[in-house]
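Structure record follows, encoded as structure tokens.
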Amino acid sequence: MKSTVLVLFILFSATLGAQTISGVVTDIDGNPLPGANVYIENTFTGTSTDANGKYAFSFTDTGVFVLITEFVGFDNHRQSLQLLGTNHQLAIKLKETFNELKAVTITAGSYGTGKAEKALVMSSLEMVTTAGSLGDINAAMRSLPGTSNNGESGKLFVHGGEGRETGTYIDGIYVHQPYTSSAPNMAVRGRFNPFMFQGTSFSTGGYSAEYGQALSSVLTLNTNDMPDEDALNISLMTVGGDLAGTKKWKNGALTVSGNYINLKPYMSLIPQNYEWNKEPQAYGGSMNFRQKTKGSGMFKVYASMDQSNLSQFQSTRDGTSATLQTDVQNNNQFVNVNWHGSPSKKWYITIGGSFTNNKDQFTRRDDILTQKMMGNHVKGTAKYHLSEKIRIRGGVENIHTDFGNQYKRLNQEGDSSVSFHENLTAGFLEAQVYTSAKLLFNIGVRGENSQYLNRSTVSPRLSMAYKTGENSSLSAAYGWFYQNPMNEHLLNRDYLANEMAQHYVISYNQTIKDRTFRTELYYKGYQNLVKYGNSITAPYTNSGDGYAYGIDVYLKDKKSIKNGSYWISYSYLKAERNFRHYPSTATPTFTVPHSLTVVYKHWIGDWRSYVGGSFRYGSSRVFNDKNSAEFNAGKLPDNLSLDLNWSFLYRQNIILYASATNVLGFEQVFGYNYDVVPNSEGVYGRTPTLPAAKSFFFVGCFITLTKKGETNQLDKINF
Amino acid sequence: MKTFTTIIALLLTGQSFAGNSAYEQAMEAALSQFATSKSVEDMQSTANSFQRIAKFADAEWLPEYYQAHCYVLMSFMIKDGAQKDAYLDVAEKSITKVLELQPTNTEAYALQAFLYTGRLVVDPMTRGREYSIKSHESLKKALAINPTNPRALYLQLTNEIGTANFFGTDTSIFCERIETLQTNWDSYNQVADMNPSWGKNQAQNLKADCNN
């Protein structure tokens, strides 16, 4: 050994004069990169660049070597060097690693929440702490721009569209019945608990070719993956209770829950605007199963059964003060099954389906209307990574809907029934192409065939985004969107065509640290809307049309105030339609020209409390004054509300939660119901459509029990 | 070939050949650099040194471990969340490599727990629950392998005290355990050569908190 060393020593001693390798490391634009690692492969020799990106080290060996330069966030650089004992000066340029998370994203029309989405606007857990949302996903979404508050409905009205124009998807699967049932003019709620989902995104337009049957917007909900551990969750609320148990095993988990809601005790304490025969009551149960499969796959099943009923006294609208008892009973069963996985690195597959069985029964004096809907959806998609920058995605689906109305008079033989069966088959294909980390195109097309309407449609969808600066981007979207006319219109009228909307959206987004600013400009054109005609042979036509345009502004700041965060949403909307019973083009009653929402949340450490407030303003909407010759010329008062909530972490696993809506008691009127016949002076009397009560107060206690007793619901109040 | 090059490298850099291998020499140099690293810049440079060693001496776990340790520490030295995550991504890769080399390495699991706390700090609002559980799991693994790994014991204490402070519950119940850890630190900390030995000073600070 010693002799070998000696020989080597002698051999190389001729070249012992150390050579210096030096230079500067920069990015493509020439900005120096301090802290980069520059070294010779298969040796311990090397150095780090200094504050100016400069490096220099000496190396005594000669021959051919590889100089490697590495820096976090950049591609490795390799360069072969012929070292002959003379000094080397090398300028090295590193290319930023193409990272989809850092690359530009399309923000036009897209609001994401939760970790599943890149365009973070509102964390999904934040929904419940948004004052006034009362644990309803749709209500939380209404604090974002592009939406408007229509208190009599409770649905999501987006960019001048009605609530029915927003489609709801769970794990990519269509939800036939996303809302609870309620009495006419009483707000509904979303059926699903926000805690079921790890990501919620909501689109204001220009969405992917994957989604159909929505003219205005899609609400996409992604269910949770694996729970963290076994747990028993107990919720005690002023309006009822909820019990959920989770059992976890190595690659799977099962959650079973049950709930009971009864508003009677609450409503007997707090003055109500309406008289109740039977206050709303609901009970239900759900099951949530998850199993991991090979290749990072996951199989999920969600099933629920719910039943609710209420009985309210409503105006007879006959000019007297008499009221009429209206009963509403709802039964709903829902199953959503899906699997996703990657059979290989380049492929991502999803397969899923849903089944819905919904029955609503409305009883008004002797008239009974039973509305039955049975729907299912089967869908498969595949995504292929053609290269780092190109992705192709396609899918096929079938949506089946059976819908029927049955009218019956109490104590009378026979009934009259109408129904229809729709079988909608659709396919989509889209390509996502990054021409660079700065420019992204998304080109898609969707085809649909409706068996019932015997029509096919083809919708192009295009969107693009360009990174205008380090933290800002500009994006645009365009597309055609089709949706079947509403179920009630489709009964016995298979000659109707699909309603259609065209979207043009331009959006600018800037995010610096925890501050986001976004503004969006849009125009929407409606065609083929259902319009009521005079002809007996064709009482409904597709001759309706309309438009909507407006601008949204959004500012979210989690940084400026210590332990506090706020966001401000403002939307301007101008819309007109000539559809349904409209005699001419007019502003629809659901259009809110100016909407403003300010949400503030603050963590008070000493009190272990998370407090929040929301202020909502919606400018005056129109209504049709039956006593005026002009259509939709009446003006409702402005709609204002200040909502507050407070979450208190009593113990690690116990949260006390309280909230109140409209604490300042603003007068809210959502419209008027006119009498069917005028009074003796020829004037139509009216009753205002009001919220169930001026304010709503809620108190709840949420307890989590685990084996370890260490887990808490911190995430649930999101401090 | 590698050994050959090592010998040459050693020879030509004129380093002593008597006792230590080139690997040990490089490690010692990097460790003394580590001991004096105060700023992020220093730490980046130290991490680079460990990385160079790790690349060449790829059967050794220590350079990967220390590289990961540097990046975890760096994540605590800066404010920007995205950059914290970028550092922690590098650290996570190194810890994975250590665990591939030595699946029952107690120090790697302890460091992994530390890393998860770093992830949590980026966004406690949304990550709180997920990463506190992960950190807890890693410490359990570290202590299953070596019940007296002082670093794992120290990290476990900080996690528990942090939670207790948050809920305003009594932290004096931890004093006994801090005391035990303190007194026994040297007997627990039977580390060979260049193995991880950090934590004594930090544990000292924990004690100061307790006395207040």
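Okay, here's what the table says:
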| item | result |
| --- | --- |
| The listed residue being over 29 Å from A:Thr107 (Cβ atoms) and either surrounded by 15 or more Cβ atoms within 10 Å (Cβ to Cβ) or under 29 Å from the mean Cα position of the chain (by Cα) (or both), out of A:Glu413, A:Glu422 | A:Glu422 |
| Residue match in the stretch A:578-597 (condition: within 23 Å of the chain's Cα centre (by Cα), within 30 Å of B:Val122 (Cα to Cα) and either touching a residue at least 60 places away in the same chain (Cβ under 8 Å) or buried (at least 17 other Cβ atoms within 10 Å of the Cβ) (or both)) | yes |
| Checking B:Pro63 against (1) at pLDDT 95 or above; (2) in contact with a strand residue (DSSP E or B) (Cβ under 9 Å, 6 or more places away or on another chain), the condition it does not meet | (2) |
| Number of the condition not met by B:Ser37 [criteria: (1) more than 25 Å from B:Pro103 (Cα to Cα); (2) in a helix (DSSP H, G or I)] | (2) |
| Hits in the stretch A:153-175 (condition: in a loop (DSSP other than H, G, I, E, B) and more than 23 Å from A:Ser595 (Cα to Cα)) | A:Asp171, A:Gly172, A:Val175 |
| Helices (runs of 4 or more DSSP H) within the stretch B:66-164 that include 2 or more residues touching a residue at least 40 places away in the same chain (Cβ under 8 Å) and under 13 Å from the mean Cα position of the chain (by Cα) | B:106-122 |
| Residue within the stretch B:161-169 that is touching a Ser or Thr at 6+ places or on another chain (Cβ under 6 Å), buried (at least 16 other Cβ atoms within 10 Å of the Cβ) and of a type in the set (Gly, Ala, Ser) present | yes |
| Options A:Leu236, A:Leu243, A:Leu232, A:Leu221: the member that is farther than 21 Å from A:Tyr549 by Cα, touching a Cys at 6+ places or on another chain (Cβ under 8 Å), assigned by TED's automatic domain parsing to the domain that holds A:Met500 and not hydroxyl-bearing (Ser, Thr, Tyr) | A:Leu236 |
| Among (1) closer than 22 Å to A:Leu33 by Cα; (2) surrounded by 20 or more Cβ atoms within 10 Å (Cβ to Cβ); (3) more than 9 Å from chain A (Cβ to nearest Cβ), the one test that B:Glu64 misses | (1) |
| Matching entry among B:Asn195, B:Asn184 (being closer than 16 Å to B:His69 by Cα, away from every other protein chain (no Cβ under 14 Å) and surrounded by fewer than 18 Cβ atoms within 10 Å (Cβ to Cβ)) | B:Asn195 |
| When residues of the stretch A:622-653 are limited to those that are surrounded by fewer than 16 Cβ atoms within 10 Å (Cβ to Cβ) and within 14 Å of another protein chain (Cβ to nearest Cβ), the one nearest to A:Glu152 (Cα to Cα) | A:Tyr650 |
| Matching residues, the stretch A:228-252, being without any contact (Cβ under 8 Å) to a residue 60 or more places away in the chain and either more than 14 Å from chain B (Cβ to nearest Cβ) or surrounded by fewer than 18 Cβ atoms within 10 Å (Cβ to Cβ) (or both) | A:Gly240, A:Gly241, A:Asp242, A:Leu243, A:Ala244, A:Gly245, A:Lys247, A:Lys248, A:Trp249, A:Lys250, A:Asn251, A:Gly252 |
| Tally of residues being within 12 Å of another protein chain (Cβ to nearest Cβ), surrounded by fewer than 19 Cβ atoms within 10 Å (Cβ to Cβ) and over 23 Å from A:Gly30 (Cβ atoms) across the stretch A:61-82 | 3 |
| A:Tyr572 more than 30 Å from A:Thr511 (Cβ to Cβ), part of a strand (DSSP E or B) and in contact with a Gly (Cβ under 7 Å, 6 or more places away or on another chain) | no |
| The stretch A:44-60 residues that are under 13 Å from A:Asn87 (Cα atoms) and facing chain B (nearest Cβ under 9 Å), paired with ones that are part of a loop (DSSP other than H, G, I, E, B) and modelled with pLDDT of 90 or more (beta carbon under 7 Å, 6 or more apart) | A:Phe59/A:Thr45 |
| Some residue of the stretch B:81-100 being assigned by TED's automatic domain parsing to the domain that holds B:Pro63, surrounded by fewer than 16 Cβ atoms within 10 Å (Cβ to Cβ) and more than 19 Å from B:Tyr66 (Cα to Cα) | yes |
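The values are calculated or read from the model by the stated rules, or taken from the named source; none is laboratory data. Not measured: the values here are computed from a predicted model. Positions of Cβ are generated from backbone atoms using ideal geometry, with glycine treated the same way; all protein chains shown enter the neighbour counts.
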